[in-house]
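Quick notes on the structure that follows.
Read the figures in this text as sums done on the coordinates, not as results from a lab. Quick caveat: nothing in here was measured; it's all calculated off a predicted structure. Glycine gets a Cβ as well: all are built from the backbone with ideal geometry, and neighbour counts include every protein chain shown.
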Amino acid sequence: MDTNKIIELLARKMAGEATAEELKQLDELILRYPDAVYYEEILKEIWEASAGNAEDVPDPGQAYLLHQLKYHQDFPVQADHATKSAEPSENMFSLAVGMLIVLLVCFTYWNVRDKGGPEIRISVAKGMRRNFVLPDGTLVWLNSGSKLSYAADFNQKDARKVHLEGEAFFDVKHLAGRPFIVHTEKISVKVLGTAFNIQAYPEDRTSEATLLRGSIELYVNGSAKQKVILSPSEKFAFREERSRQKSNIRTKGTRNLILIDHVKPLKIGSSEYIEETSWKDNRLVFKNESLAELKPKFERWFNVKISMESPLTGTYRFTGVFTKESITEALTAMQLIKPFTFKLSAHDVIIH
Amino acid sequence: MSTSLPNLAELISHITLYNSEKAYRQLFKLLYPSLYRFCHCLLKSRELAEETANDVMITLWRNRQHLSEIQNVRVYSFVIARNLSLNVLNRGRKRDMVALEDIMIEIELDTPNPEQLLINGELKKKLENATSALPARSKLVFKLIREDGLSYKETAEILNISVKTVDAHLVTAVKKLTAILKAEFKLM
């Protein structure tokens, strides 16, 4: 019955769990049954009433003092003192979300590979995304299943060099005369002060760099003389094997392809997205991509392993945006578009 | 209430990284009121609820080295609160264990500002009566989502039920409320 549906949708709306589709459906239903407006009014009131309903909850400030007294042995007097120097100011604090990386293993160790100096390595597990600040003030967003490393004395050197495996978005702090260089397995990018995204997962055939502002200079490793300069909103892609796609430039003799393209904002629904960089705002955006192409993206994003049983499903194409959906929610939504079934067990997804 | 509290993830990272007591104090202020309320509705005693909420917080502090490995510390703290509260209720009882279902939960519909016209004393009574017959889990779901603004997923984790069940519980609770409104205002 429609009334029941209205109540159901209202409940979800109040809980903040209604999807855009459900909200639209609710609006339509309310148009048809204007009485439902009262339900919404009163429910809203009931809902909001709880926010100010704090009179009988003990004051947390006071509660904390008592708490500290009760468990005084757990709070060494020196604790805050000793860390004062290490603790950034409140302002820096908000930038330093990335400290969270401890969680994801951040350790310094002696690395033999690079001149033997100490190196900092940050890696983000699959299914997570993190941002943090480098010692020079550069902001970095690291995507799922990516690793970034740099020398411990990174900020003392003339050239700021980092190594990347995976995908990251850099908002580089401009420092005159001190270029910022990102090395990946196949391509390298040199900049002064810009914001750009670089995607170079070892398991992907394509390495990409997308520039949002400023300018960057990049080259394919091994042919450093052949430089490509990107202007804002341009995208550079380097593909290892021969493919049938058109290319503007072709590196001579090899079977590698270089593509330079404009980045067009993607319109999905009523919003515009930049596909290449929206991951850093926790959005997984894709346009007209086949399930086979989406597979590695999904595996990283949701931290799952996907296996497809029939090659046909791999050719299904999808356009969409996911934010906080779980893998089940995402695949369920995709089932509405193309017929397939899937089975989820722990970290494995089987698509039929 | 709305003083700009830094977000949970930042606090946790500071607690884990720097043993920062300052960050812990902020975390305490952020979580304690919700935890207290949650414990209070399970334990029905101010003292017990205060004690349990304190125990939850100190558990977080003592585990601070591993806190950043936890995906959702808010949910984690609620789960600890749930377990500790059940422990308190089971303390001294040898035989029958108390489960969440056995606890009487009350939904209060207090309106803080007196100028609210729609929900007057009588209607409020009726609404509260209507909801009192709901199963305990429905009421808990309603409370957690409404009072603490938790998501379906978080609520599901805390109460150890599925997201679908959370939705069903919430819809049931809201239906009960609207049934009263329907009779009261002669709506469709």
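Just tell me how shielded A:155-165 is by partners: mean number of partner chain Cβ atoms within 10 Å of each residue's Cβ, no decimals. Present the calculation step by step, with values, prior to reporting the outcome.
Numbers: counts 0, 0, 0, 0, 0, 0, 0, 0, 0, 0, 0.
Per residue, the average neighbour count from other chains is 0.
Peptide B:169-179: average number of partner chain Cβ atoms within 10 Å per residue?
5
State the extension gain, in nm to one decimal, for the chain segment bounded by A:GLN226 and A:ARG205, taking 0.36 nm per residue of separation less the distance between their alpha-carbons. Could you put the intermediate results ahead of the total?
Details: separation 21, 0.36 × 21 = 7.56 nm, distance 2.06 nm.
Full-extension gain reported as 5.5 nm.
Any idea how far apart A:ASP56 and A:GLU41 come out in nm if each label point goes 7 Å out from Cα toward Cβ?
3.0 nm
I'd like the Karplus ³J(HN,Hα) series for the stretch A:125-132: coefficients 6.51, -1.76, 1.60, θ = phi - 60°, whole numbers in Hz, and an x wherever there's a Gly or Pro.
3J(HN,Hα) across the stretch A:125-132, in whole Hz: 5, 5, x, 10, 9, 9, 10, 7.
Restricting the count to DSSP beta bridges whose residues both fall in the stretch A:283-351, what percent are antiparallel, rounded to a multiple of 5?
Around 70 percent antiparallel, to the nearest 5.
List, in order, the whole-Hz ³J(HN,Hα) value for each residue of the stretch A:65-73 obtained from phi through the Karplus relation with A = 6.51, B = -1.76, C = 1.60 and θ = phi - 60°; use x for Gly and Pro.
Using θ = phi - 60°, the values come out as 4, 5, 4, 5, 5, 4, 10, 4, 5 Hz.
How would you rank B:40-51, B:64-75, B:22-33, highest first, on the average number of other Cβ atoms within 10 Å across their residues?
B:22-33, B:40-51, B:64-75
Whole-Hz Karplus ³J(HN,Hα) for the stretch B:49-59, in order, using 6.51 cos²θ - 1.76 cosθ + 1.60 and θ = phi - 60°, x for Gly and Pro?
5, 4, 4, 5, 4, 4, 5, 4, 5, 5, 5
Considering amide H positions built from the backbone, and no H for Pro or chain starts, which residues 5 or more places from A:ALA18, or on another chain, come under 5 Å of its amide H?
Distant-sequence amide H within range of A:ALA18: A:LYS13.
Sorted from largest down, what three extents in whole angstroms do the Cα atoms of the stretch A:286-352 have along their principal axes?
26, 26, 20
Translational D (Stokes-Einstein, µm²/s) of the stretch B:1-98 at 10 °C and 1.306 mPa s when Rh comes from the Kirkwood sum over C-alpha pairs?
113 µm²/s
Given a Förster distance of 22 angstrom, what is the FRET efficiency for B:GLU184 paired with B:SER132, based on the Cβ-Cβ distance and rounded to 0.05?
Step by step, r from the Cβ atoms, then E = 0.80.
Using amide H atoms built 1.01 Å from N in the peptide plane, name the residues 5+ places from A:PHE342, or on other chains, whose amide H lies under 5 Å from its own.
A:HIS352
Within the set A:LYS287/B:LYS175; B:LYS44/B:LYS175; A:LYS235/A:LYS295, which residue pairs have Cα atoms separated by over 31 Å?
Pairs exceeding the cut-off: A:LYS287/B:LYS175.
Taking a 25 Å limit on the Cα-Cα distance, which of the listed pairs A:LYS186/A:LYS227; A:LYS147/A:LYS338; A:LYS280/B:LYS153; A:LYS24/B:LYS124; A:LYS147/A:LYS190 fall beyond it?
Flagged as over cut-off: A:LYS147/A:LYS338; A:LYS24/B:LYS124.
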